[in-house]
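Written out below as structure tokens is the structure these notes cover.
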Amino acid sequence: MAGLVPAIHAFFVAKAWMPGIKPGMTDPARPSKWSISMPWFRNHYFCESCGATWAAEWSDIVYDDCPFCGAKHTMPYKSDDRTVIVAREGDSFVVLRSPETAAHDPDYEELGSFPSREAAAAFLAGRAP
């Protein structure tokens, strides 16, 4: 079905490096588990042809075809960065990251488990390369 298969990107490099969001994360001489990841986005769409709305997860902010009427090249009106997320698992909160090997789905890796959402957020705020 059109629009339901996420984009696939293949990188053929010995070492990958992507800019980080914190100082020190962008030093390619100091690669870490934080500096190499596959971006992952939940894109939200509105079809101007039929008025439908939908969300789809992709490794980029991309155009999509309407799954309801087939209208082509709909640009997302909103995108949520889901490369690093905090998810509740039972009584704890787990920090997950989409690794560089992700292709068809985020294939999240666990970076840490915490007793509260605040502790997980503090971990993300203070993470060091």
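Test Glu89 against the criterion of being surrounded by fewer than 17 Cβ atoms within 10 Å (Cβ to Cβ), under 21 Å from Ala125 (Cα atoms) and without any contact (Cβ under 8 Å) to a residue 24 or more places away in the chain, and give yes or no. Outline the logic, then answer.
Numbers: surrounded by fewer than 17 Cβ atoms within 10 Å (Cβ to Cβ): yes; under 21 Å from Ala125 (Cα atoms): yes; without any contact (Cβ under 8 Å) to a residue 24 or more places away in the chain: no.
So Glu89 does not fit the description; no.
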* So, of the residues in the stretch 92-105 that are modelled with pLDDT under 90 and farther than 30 Å from Cys50 by Cα, which turns out to be surrounded by the fewest Cβ atoms within 10 Å (Cβ to Cβ)? -> Thr101
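Have a look at Ile21, Ile36, Ile61, Ile8 and point out the one that is part of a loop (DSSP other than H, G, I, E, B), exposed (fewer than 12 other Cβ atoms within 10 Å of the Cβ) and at pLDDT below 95. Let's see the steps before the verdict.
Values: Ile21 fails: exposed (fewer than 12 other Cβ atoms within 10 Å of the Cβ); Ile36 fails: exposed (fewer than 12 other Cβ atoms within 10 Å of the Cβ); Ile61 fails: exposed (fewer than 12 other Cβ atoms within 10 Å of the Cβ).
Ile8 is the lone residue from the list that is part of a loop (DSSP other than H, G, I, E, B), exposed (fewer than 12 other Cβ atoms within 10 Å of the Cβ) and at pLDDT below 95.
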* To do: Find all pairs meeting these conditions: Cβ atoms under 6 angstrom apart; at least six residues apart or on different chains; first residue within the stretch 106-126 and of a type in the set (Lys, Arg); second residue at pLDDT 90 or above.
  => Arg117/Phe93
* **Residues of the stretch 75-98 that turn out to be closer than 14 Å to Trp58 by Cα and of a type outside the set (A, V, I, L, M), as a count** => 8
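The values are calculated or read from the model by the stated rules, or taken from the named source; none is laboratory data. This structure is a prediction, so every number in the text was calculated from the model and none was measured. Every residue, glycine as well, gets a Cβ built from its backbone with ideal geometry; the counts of neighbours run over all protein chains shown.
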